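Data block below; observations after.
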Amino acid sequence: MSFDKEERLNELYTEFNRTDEFYAQFRKQFNTVIIDVVLDYYPGFKQKDVLNDMIDQYASEILSATESVLYKDKNYPKYRKLEEIEYMDRFLNKEEVIANPDEFSETTHKIVKAFIVSQYQNIIHLSAQGFRLLERYMKMHLMAFISQFLSFVK
């Protein structure tokens, strides 16, 4: 069996391009979905460039968290996932006292979860711990986005 270095490099290059294309499409579609929600609740928001930057950051965090959870669910033992869920619960409980969730944040959260499922079909194969962990990460990044966004609204 021979190892064709050039063929392997071409395969890697193709995979990187495919991943970059997926990420670009994800960010573009995510931006459209989130802008629609924001403008439904805050129709007078005029700082579109700031909003786009915030949404791009939010999209990157969601991408990273989703892929991280998919990896962890596949490769981590159950006890490690449970430990991380407990850590996230403690963090989120502290933050929710400060954040005070409202209809805007709840709607955004639901839409982001539906969007993630539409982009990552293998999410349906997550374990119970994987689903719980993904939910925690989505809430954490939602709180960061909402907090940042509301600092520009006030």
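Rolling a 1.4 angstrom probe over the protein heavy atoms, how many square angstrom per residue are accessible across segment 26-85?
About 54 Å² of surface per residue is accessible.
Give the total of Lys-Lys pairs in segment 26-151 with Cα-Cα distances below 16 Å; include a pair only if its members are 8 or more places apart or on different chains.
Going through segment 26-151 pair by pair, I get 5.
Select from Ile146, Ser64, Phe91 the residue farthest towards the positive end of the dipole of the chain; place +1 on Cβ of Lys and Arg, -1 on Cβ of Asp and Glu, and compute about the Cα centre.
Of the options given, the answer is Phe91.
Please compute the modelled spin-label separation between Thr32 and Phe16, points set 7 Å along Cα→Cβ, answer in nm with one decimal.
2.9
Taking segment 37-111, which trypsin sites (Lys or Arg not before Pro) meet the DSSP loop condition and have no more than 10 other C-beta atoms within 10 Å?
Here the sparse-neighbourhood loop sites are Lys46.
For the chain, what is the mean residue ellipticity at 222 nm derived from helices alone (per DSSP H run of n ≥ 4: -39500 (n - 2.57); sum divided by total residues; nearest 500 deg cm²/dmol)?
After summing the helix terms and dividing by the residues of the chain, the value is -30000 deg cm²/dmol.
Report, to the nearest whole %, how much of the accessible area of segment 26-151 belongs to carbon and sulfur atoms, 1.4 Å probe, protein only.
The computed percentage sits at 53.
What is the distance in Å between the Cα centroid of segment 27-67 and that of segment 87-153?
14
Let me see the P(r) profile for the chain: every Cα-Cα distance counted, bins of 10 Å, each bin given as a percent of all pairs.
9, 34, 31, 17, 6, 2, 0
Would you mind calculating the gained length between Gln25 and Arg90 on full extension (0.36 nm times residue separation, minus the Cα-Cα distance), in nm to one decimal?
Length gained, Gln25 through Arg90: 20.0 nm.
The values are calculated or read from the model by the stated rules, or taken from the named source; none is laboratory data. What you see is a predicted model; the values in this text were computed from it and never measured. Positions of Cβ are generated from backbone atoms using ideal geometry, with glycine treated the same way; all protein chains shown enter the neighbour counts. Note: accessible area is taken over every heavy atom of the protein model, side chains too, but ligands, DNA and RNA are not part of it. Shrake-Rupley method; radii C 1.70, N 1.55, O 1.52, S 1.80 Å.
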